[in-house]
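Everything on this sheet refers to the single structure shown next.
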Amino acid sequence: MAQQTLYEIHAPKMLSVCRMYIKDLHFAEDVMLRGFFKVFNNLDGFQHKGSFEGWVRRIMVRESIDFLRSKKEIHFSDRIENYDREEDAQDYASAEAMQHLQEVIDKLPEGYKMVFVMYAVEGYKHQEIADLLNISEGTSKSQLFKARKLLQEKLAVHKEESHG
């Protein structure tokens, strides 16, 4: 009964977490279910450092990464470019704009997408991303830079088409 309650409370958010990494809804749902299986089997591993939701979220991120690795869909470029940690502060108020943003993120190359989501959405630091994905910290920074650049270009094109 307690597990069902935990699932009902956290499943919608955790499906969103999995969807940020995995385009296909059915695969994302499967990964989320595997993640909850791990959560329920490792409840004694939660050490009350930080929030419970954060702990569950980390499990979902790792499950998503493992799924993509098993599909061999992650491709990273090791070429390091100049990295500018300029924050992109754009306000996407409407649901339509958010949906478009999700679609654009989904179309990023997997390596770019993984790093972008982990850094910009999940709040991981580059060293944490590097450790989780078995890449260098420089590669993480480079992937984020490239992802942001591609997103800016695609969103600018969409803005021109919408207003133009």
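How many residues are of a type outside the set (A, V, I, L, M, F, W, C), at pLDDT 80 or above and either within 14 Å of residue 146 (Cα to Cα) or not in a helix (DSSP H, G or I) (or both) if we restrict to region 92-111? The number of residues fulfilling the criteria is 4. Of the residues making up region 121-135, those that are surrounded by 15 or more Cβ atoms within 10 Å (Cβ to Cβ), out of contact with any Phe, Trp or Tyr (no Cβ under 8 Å at 6 or more places or on another chain) and more than 22 Å from residue 14 (Cβ to Cβ) number 1. For region 1-52, the candidate set comprises residues that are more than 14 Å from the chain's Cα centre (by Cα) and among the hydroxyl-bearing types (Ser, Thr, Tyr); within that set, the residue that is surrounded by the most Cβ atoms within 10 Å (Cβ to Cβ) is 7.
The values are calculated or read from the model by the stated rules, or taken from the named source; none is laboratory data. Because the structure is a prediction, the values reported are computed rather than measured. Methodologically, a virtual Cβ is constructed for each residue, glycine included, from the backbone with ideal geometry; neighbour enumeration extends over all protein chains shown.
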